Amino acid sequence: MDITIISIQNWYVSNGSLVANTGVNTNCNLSINENSLIATKVYPNPFTDNIYISSENLDYTLKMHTIIGKGVQIDLNEHIIDTSLLSSGIYFVRIHFEGASKTYKLIKK
């Protein structure tokens, strides 16, 4: 049996736990600003012929995919997506703007 000894030279005890100082800064911000995403609505769900996008931000990109990941050609006109030619099933709409994105799962009747 091989025994591996790990040497931790920079360590301290905090609240009864052994904490190793690796020299890596773990105090970083990984969050995104979702204020503009909160104000975005995609409706109705389930949908039949049209999907409506309601957003305070007018500068966004939108992509639509089937449940197996195949891209769907969409016609976005004045925040309305015409889906009359789509088959019934599950679709994903991804909206991206201001460095953030959100995906909506929608069902076509």
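For this structure, a couple of remarks:
- Any hit, region 40-57, residues being at pLDDT below 65, surrounded by 10 or more Cβ atoms within 10 Å (Cβ to Cβ), closer than 25 Å to Ala100 by Cβ and of a type in the set (A, V, I, L, M, F, W, C): no
- Filtered by the rule that a residue be assigned to a strand (DSSP E or B), aliphatic (A, V, I, L, M) and exposed (fewer than 14 other Cβ atoms within 10 Å of the Cβ), region 82-99 gives a lone residue, Ile90.
- Just one of the listed residues (Thr61, Thr66) is surrounded by 14 or more Cβ atoms within 10 Å (Cβ to Cβ) and either hydroxyl-bearing (Ser, Thr, Tyr) or touching a residue at least 40 places away in the same chain (Cβ under 8 Å) (or both), namely Thr66.
- Identity of the residue in region 53-81, assigned to a loop (DSSP other than H, G, I, E, B) and of a type in the set (A, V, I, L, M), that ends up nearest to Lys41 (Cα to Cα): Leu58
The values are calculated or read from the model by the stated rules, or taken from the named source; none is laboratory data. What you are looking at is a predicted structure, and each value in this text was computed from that prediction instead of being measured. Glycine also receives a Cβ, built like all others from the backbone with ideal geometry; neighbour counts cover every protein chain displayed.
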